[in-house]
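Presented below is the structure to which this report refers.
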Amino acid sequence: MASRTSSPLSNPDELDFQTVLAALSDPVRLGIVAALAEVDGVHCGGFALPVGKSAASRHFRILREAGVIRQWDDGVRRLNSLRRDELDHRFPGLLTLAIAEGAAVRVPFAPE
């Protein structure tokens, strides 16, 4: 688990079109998706998000619960990757469009 206080992860098996679209409707979340299209397995702190930690946690939770990203704990870090195969299978072309749209608001990676 990422920390003693972090909640257990739930990565959904079923993908709902409206829930996925709602998750992709926010510019910050679109930027996260565009960044993860370039590099998978980035920890939550690896993004230079324009929001505070609690808002960032909320954005990652919304993306995870919608099924757009998969999260897993690796020591004290929570890693993220796109669920590209599942999304492309269920909604062909949607992720490609979201990545293209998110390129304008792509979130940079935080300096190490």
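Within segment 72-92, the residues that satisfy the criterion of being at pLDDT 95 or above, in contact with a helix residue (DSSP H, G or I) (Cβ under 7 Å, 6 or more places away or on another chain) and either loosely packed, with under 13 Cβ neighbours inside 10 Å or assigned to a strand (DSSP E or B) (or both) are 80, 81, 82.
For segment 93-107, filtered to residues that are more than 15 Å from residue 39 (Cβ to Cβ) and β-branched (Val, Ile, Thr), the residue that is modelled with the highest pLDDT is 96.
Among the residues examined, residue 60 does not qualify as surrounded by 13 or more Cβ atoms within 10 Å (Cβ to Cβ), touching a Phe, Trp or Tyr at 6+ places or on another chain (Cβ under 7 Å) and in contact (Cβ under 8 Å) with a residue 24 or more places away in the chain.
Quick check: anything in segment 96-105 in contact (Cβ under 8 Å) with a residue 40 or more places away in the chain, more than 17 Å from residue 28 (Cβ to Cβ), outside any strand (DSSP E or B) and acidic (Asp, Glu)?
First, the residues of segment 96-105 that are in contact (Cβ under 8 Å) with a residue 40 or more places away in the chain: 98-99, 101-103, 105.
Now narrow it down to the ones that are more than 17 Å from residue 28 (Cβ to Cβ): none.
No, there is no match, as no residue in segment 96-105 is in contact (Cβ under 8 Å) with a residue 40 or more places away in the chain, more than 17 Å from residue 28 (Cβ to Cβ), outside any strand (DSSP E or B) and acidic (Asp, Glu).
The values are calculated or read from the model by the stated rules, or taken from the named source; none is laboratory data. Quick caveat: nothing in here was measured; it's all calculated off a predicted structure. In this analysis, Cβ positions are derived from the backbone assuming ideal geometry, glycine residues included, and neighbour counts consider all displayed protein chains.
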